[in-house]
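The values are calculated or read from the model by the stated rules, or taken from the named source; none is laboratory data. Remember, predicted model here, so these are calculated numbers, not experimental data. Because the Cβ atoms are built from the backbone with ideal geometry, glycine has one as well, and the counts that use them run over all protein chains shown.
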Amino acid sequence: MNNTENKNEIASINNLGTLPQQILNQDALLQNAGKLLDSMLDLKDLMLGYSCAIKEIRTKLEILDKEFEVRYQRNPISSIHTRLKSQTSIMEKMARKGYEISRENIEKNLNDIAGLRVICSYVDDIYRIADALTNQDDIELISKKDYIKNPKPNGYRSLHLIVSIPIFFADHTKIVRAEVQIRTIAMDFWASLEHEIKYKKHIENPEEFAEKLKKCADVISYTDALMQNIRTEIDNNQGEKTEEELIFEKLKRFDKSLGE
């Protein structure tokens with residue numbers, strides 16, 4: 001046996017003592033990896049529920065809008081926007097509120113992971129849609145904040161609803177909460193610009209800009225009320241329809257597409 005073979009054999013014998021430690025380290029690594037995967041899958045399962053809640057509520061809103069289109073020849077909903085809060089935003093909000101991050105705490109303390117923003121044409125449409133949605137048997141209204149009748153100091157206006165809805169999976173049913181914000185086109189226009197300006201840094205005289213934004217909000221509120229009054233007056237001042245006009249309206253309802 002040459003010197004090289006002797007050295008290799010000695011090295012192999014010496015390494016036998018480290019094998020148990022290597023096995024233990026590998027087991028620990030696998031256990032940690034398994035726990036991490038379990039946490040990731042649990043979070044994915046959590047987000048699935050909120051994603052499904054968004055789809056369920058959006059479908060309900062689209063059905064209501066379609067009903068108005070067929071029955072009354074107008075759409076109260078201009079558009080619907082949805083948002084599933086990112087995992088980073090969830091962690092940041094939990095930390096900001098001082099909650100330990102766990103699935104139970106997330107479900108218990110955060111109501112806006114699933115979010116829908118409904119844009120309506122007129123102020124009365126906001127309350128009509130809100131009532132029609134929350135009166136449905138499987139929707140529970142948890143809280144309502146009316147920033148239209150009671151605007152925020154900066155001028156922000158919107159109707160905020162926290163609702164819960166059952167999600168039916170293959171082997172269980174889960175109750176999931178979501179936030180629904182309903183506002184007019186004008187309110188949404190103001191909120192979008194205010195949000196953009198709000199996060200610009202190093203603005204000189206921020207109080208001056210806040211005052212201007214508040215004035216804009218008041219103008220928009222006045223415009224919403226004026227447009228509502230104009231539409232109401234037009235509806236009330238329409239004369240009686242002839243038999244031919246009534247038949248024509250029924251034909252238009254009959255021809256109205258029920259598809260997408």
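Annotations for the structure displayed:
- Among the residues of region 67-82, those that are surrounded by 15 or more Cβ atoms within 10 Å (Cβ to Cβ), among the hydrophobic types (A, V, I, L, M, F, W, C) and either assigned to a loop (DSSP other than H, G, I, E, B) or touching a residue at least 24 places away in the same chain (Cβ under 8 Å) (or both) comprise I77, I80.
- Pair list, Cβ < 6 Å and 6+ apart or interchain, from region 161-187 residues that are assigned to a strand (DSSP E or B) to residues that are crowded, with 16+ Cβ neighbours inside 10 Å and among the basic types (K, R): S164/R177; I167/K174; Q181/R117
- Consider region 196-238 and keep the residues that are assigned to a helix (DSSP H, G or I) and among the β-branched types (V, I, T). The one that is modelled with the lowest pLDDT is I197.
- Taking (1) in a loop (DSSP other than H, G, I, E, B); (2) surrounded by 19 or more Cβ atoms within 10 Å (Cβ to Cβ) in turn, D112 satisfies each apart from (2).
- Complete set of residues in region 83-118 that are in contact (Cβ under 8 Å) with a residue 24 or more places away in the chain and of a type outside the set (K, R): L84, Q87, I106, E107, L110, N111, D112, I113, A114, G115, L116, V118
- For region 110-129, filtering for residues that are polar (S, T, N, Q) and within 19 Å of S221 (Cβ to Cβ) leaves 1.
- Within this structure, S143 passes the test of being among the small types (G, A, S) and part of a strand (DSSP E or B).
- Some residue of region 104-123 being of a type in the set (V, I, T) and either in contact with a Lys or Arg (Cβ under 6 Å, 6 or more places away or on another chain) or more than 20 Å from A191 (Cβ to Cβ) (or both): yes
- Which numbered condition A95 fails, given (1) out of contact with any strand residue (DSSP E or B) (no Cβ under 6 Å at 6 or more places or on another chain); (2) among the hydrophobic types (A, V, I, L, M, F, W, C); (3) not in a helix (DSSP H, G or I): (3)
- Of the residues making up region 179-188, none is under 30 Å from E56 (Cα atoms), loosely packed, with under 11 Cβ neighbours inside 10 Å, under 27 Å from the mean Cα position of the chain (by Cα) and not acidic (D, E).
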